[in-house]
1. Would you mind calculating the gained length between Arg340 and His283 on full extension (0.36 nm times residue separation, minus the Cα-Cα distance), in nm to one decimal?
2. Give the long-range amide H neighbours of Cys93: residues separated by 5 or more places, or on another chain, with amide H under 5 Å away, using H modelled in the peptide plane at 1.01 Å from N.
3. Could you please report the charge total around His241, scoring K, R as +1 and D, E as -1 over all other residues with beta-carbon less than 11 angstrom from its beta-carbon?
4. What distance in nm separates the simple spin-label points at Ala87 and Gln210, each placed 7 Å from Cα in the Cβ direction?
5. Computed FRET efficiency, Cβ-Cβ of Ser27 and Glu53, R0 35 Å: what is it to the nearest 0.05?
6. Efficiency by 1/(1 + (r/R0)^6): what FRET value for Ser199 and Ala231, r their Cβ-Cβ distance, R0 = 51 Å, to the nearest 0.05?
7. How large is the helix-only mean residue ellipticity at 222 nm for the chain, computed as the sum of -39500 (n - 2.57) over DSSP H runs with n ≥ 4, divided by its residue count, in deg cm²/dmol to the nearest 500?
8. In the structure displayed, which of Lys147/Lys312; Lys88/Lys312; Lys268/Lys312 lie more than 25 Å apart, Cα to Cα?
Amino acid sequence: MTVLRTAKLLTLSAARSLGVLEALRRSEWRKNQLLILAYHGVSQDDEHLWNPELFVSPDAFATRMQALKDYGCHVIPLNDALEKLWAKTLPPCSVVLTFDDGGCDFYRRAFPILRQFNWPATVYLTSYYSCYNRPVFDVMCSYLLWKGRDRMLDTTGLITQPAMLQLNDSRVRKSAAHAIQIFARESRFSAEQKDELLSTIAERLEIDYQTILTKRILHLLSAEELTELAAEGVDIELHTHRHYAPKSRECFLAELEENRKAIVQFTKVPHHFSYPHGLYAEHFDKWLGSLEVFSATTCEPGLATNSSDHYKLPRLVDTSSLELVELEGWISGFSKFLPRKRMAVESHIPPYYY
């Protein structure tokens, strides 16, 4: 833990003890601001141990939701919340719950917990691996190498320059996963060929891949699951088709049109967007506006206000490493006054869902 993080935790704990966080939660100042929370996944098995920055355990997620209730938060739908934000009519301590990507785990783990609280949620759906309902290649590649971390991997046929790799080092696993992903892209593998590659990795590492498939770990929502969730009132919104925001206008608009076309098969026309990886370019707002997209969320922590850019709305990504007092700090708004890093607005990260 860094010195800055330690100092922030001490400051938040002191503010909680002195009643500052509670006072801010109840204040007129907090009433005019909106906290948008983001989640990526709620584990079906051990995903939170593999990648705690992407996944939280079901118990941790339930604890978070109970905390929102205990703190007196008003959890409201995204579209309603934004309309009230811009009209300055938000209820006290307003919160919106969003889930990026649209993992099967939302249906199996998160939604049953949300239903206990009778709370609305928005799923920003990446649609390619929802239509082709198999494991998401890049993340499953990384997950399998982690599952086989006590073994050696023969990378013949998996990377350009094959070698025998000992996977007990996280840096080796990260490098190997990247090399396999690049090899698949440069080889122009189809989705089916990538799926076969995953099976090969699992077989070489003696991992029971069929059980992983049966559990639908690292799958996105199926057509049946989307239909049921939409009928239950879950808001399905835009997140690109291939988890990729191209830098050219024509390709960007095509990505969103394909994404929207997939979504309207199950629910209403989507008008809200979440940037893949939370990264954006300044010109995206005009492109989004041309498609009648009303808002876009980033992954920059903060509270949205009436003056916030509609296409650069701040959002707090809740992870396994975020302590409860840090969440409370953002719910109250106190954390707005603490130092934090800003994300870069552009990135050359390649699409990892296609």
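1. Numbers: separation 57, 0.36 × 57 = 20.52 nm, distance 2.50 nm.
Net length gain for the segment: 18.0 nm.
2. Lys31
3. Working: positive: Arg242, Arg260, Lys261; negative: Glu255, Glu257, Glu258.
Every neighbour counted, the sum reads 0.
4. 5.6 nm
5. Values: r = 32 Å, r/R0 = 0.90.
The formula returns an efficiency of 0.65 here.
6. Details: r = 34 Å, r/R0 = 0.67.
Between Ser199 and Ala231 the formula returns 0.90.
7. Mean residue ellipticity, 222 nm, calculated: -12500 deg cm²/dmol.
8. Working: Lys147/Lys312 37 Å; Lys88/Lys312 18 Å; Lys268/Lys312 23 Å.
Flagged as over cut-off: Lys147/Lys312.
None of the figures in this text is laboratory data; all of them are computed from the coordinates on show. Every value quoted in this text rests on a predicted model; they were computed, and no experiment measured them. Neighbour counts run over all protein chains shown; Cβ positions are idealised from the backbone, glycine included.
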